[in-house]
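The values are calculated or read from the model by the stated rules, or taken from the named source; none is laboratory data. Predicted model, so just to flag it, every value in this text is computed and none were measured. Note that each Cβ is placed from the backbone with ideal geometry, even for glycine, and that neighbours are counted across all protein chains shown.
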Amino acid sequence: MPASRGTPAKATDTQTTSTTDGQAGSAALSGVTSGELTSAELEQIKQLKQLDRKVRAHELAHVAAGAGLVRGGVSYTYATGPDNQRYAVGGEVSISTAAGRTPEETVSKAQRIRAAALAPADPSSQDRSVAAEASRMEAEARAEIAMQRQESFSARSGSSAAPGGDTEGRAAISSYRQQGAGASEALGARVNLFA
């Protein structure tokens, strides 16, 4: 099942609730007798119910682990089975990926984003992609913290940085500062985690 995207995607179905698993089991054949359905249709219904449960569990794992980061809630994509019931076959959860106000806050937030992305038992490739991006975000924030400590130490001891400086570290800091300044919001500071 897919996981996250760098920019928010429009939900293809604005309805966020459907028949729950318990209701689906008892209502699956309401209005349709089992004699009217072929064995292939009954098998399709069984598969749709399993997929519905899996999709819902996947998305709810993102929501539970992403408390405070989730924007909106779960948006499901549905398919109608031969019994005319709607089953969740996909879903997405939007989470905020904007940098924190401080590098320390960004480290904490990146760890929570990664945990939310990898929360389902079966993270998708998109979930893993979001987790990797959160790790990059955390590394940049840690580089900023290290540079701040270096500068603070240098200022206290009266020494200066080594000739040539830390070009890679400064590039990471520059990138972090751009994110903190709102660049990440402009570029899509929310991602969607898809099932």
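Quick look at the values:
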read-out: Meets criteria (of a type in the set (A, V, I, L, M, F, W, C) and either in contact with a helix residue (DSSP H, G or I) (Cβ under 6 Å, 6 or more places away or on another chain) or more than 29 Å from Lys49 (Cβ to Cβ) (or both)) for Ala79; value: no
read-out: Check on Ser75, more than 12 Å from the chain's Cα centre (by Cα) and among the hydroxyl-bearing types (Ser, Thr, Tyr); value: yes
read-out: Residue that is surrounded by fewer than 20 Cβ atoms within 10 Å (Cβ to Cβ), out of contact with any Phe, Trp or Tyr (no Cβ under 7 Å at 6 or more places or on another chain) and part of a loop (DSSP other than H, G, I, E, B), where the choices are Gly100, Gly72; value: Gly100
read-out: Single residue of Ala57, Ala24, Ala110 found to be at pLDDT 95 or above, more than 30 Å from Met147 (Cβ to Cβ), part of a helix (DSSP H, G or I) and small (Gly, Ala, Ser); value: Ala57
read-out: Yes/no for Ala110 being surrounded by fewer than 19 Cβ atoms within 10 Å (Cβ to Cβ) and not aromatic (Phe, Trp, Tyr); value: no
